[in-house]
Amino acid sequence: MFTRTPAPPAHGHDRDDDPAFADALARLAGARHHDPFAFLGPHPAPGGELVLRVYAPRATAVTVAGTAIVLQRHRDTDLFLWRGPATALPAHY
């Protein structure tokens with residue numbers, strides 16, 4: 001039987017001091033995450049917002065096509081984050 005580890009809760013900006021976030025990021029970077037889309041992509045955040053996580057090795061910038069959304073690099077990693085109103089992210093980004 002397989003169990004699914006839930007994605008870490010969405011903070012204002014995902015925090016390294018959150019053990020679940022740090023573990024998910026380490027497993028993702030090491031290509032050992034059993035369910036990367038439980039961590040990547042859009043996820044509900046408090047206040048009706050969304051957090052969008054994109055893992056883009058060697059990228060210098062990440063944007064959402066057709067929008068003004070620019071994701072911010074998380075520290076010195078290949079993970080990029082955006083948090084904002086759910087209505088700002090197109091249904092098919």
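Of the residues in the stretch 14-43, how many are more than 11 Å from the chain's Cα centre (by Cα) and part of a strand (DSSP E or B)?
0
Are there any pairs, at least 6 apart or on different chains, whose C-beta atoms fall under 6 Å, with the first in the stretch 41-53 and more than 17 Å from Thr63 (Cα to Cα) and the second of a type in the set (Gly, Ala, Ser) and open to solvent by 60 Å² or more (accessible area, probe 1.4 Å), and if so, which?
none
Quick one: in the stretch 40-83, which of the residues that are of a type in the set (D, E, K, R) and at positive phi is least open to solvent (accessible area, probe 1.4 Å)?
As a first pass, look at the stretch 40-83 and keep what is of a type in the set (D, E, K, R): 49, 53, 58, 73, 75-76, 78, 83.
Now narrow it down to the ones that are at positive phi: 58, 75.
Numbers: Arg58: 216, Arg75: 169 Å².
Among residues in the stretch 40-83 that are of a type in the set (D, E, K, R) and at positive phi, the one least open to solvent (accessible area, probe 1.4 Å) is Arg75.
The values are calculated or read from the model by the stated rules, or taken from the named source; none is laboratory data. Please read these numbers as outputs of a predicted model, since none were measured by experiment. Reconstructed Cβ throughout: ideal geometry from the backbone, glycine too, with neighbour counts over all protein chains shown. For the accessible areas, the whole protein counts, side chains as well, though only heavy atoms, and no ligand, DNA or RNA atoms are used. Shrake-Rupley method; radii C 1.70, N 1.55, O 1.52, S 1.80 Å.
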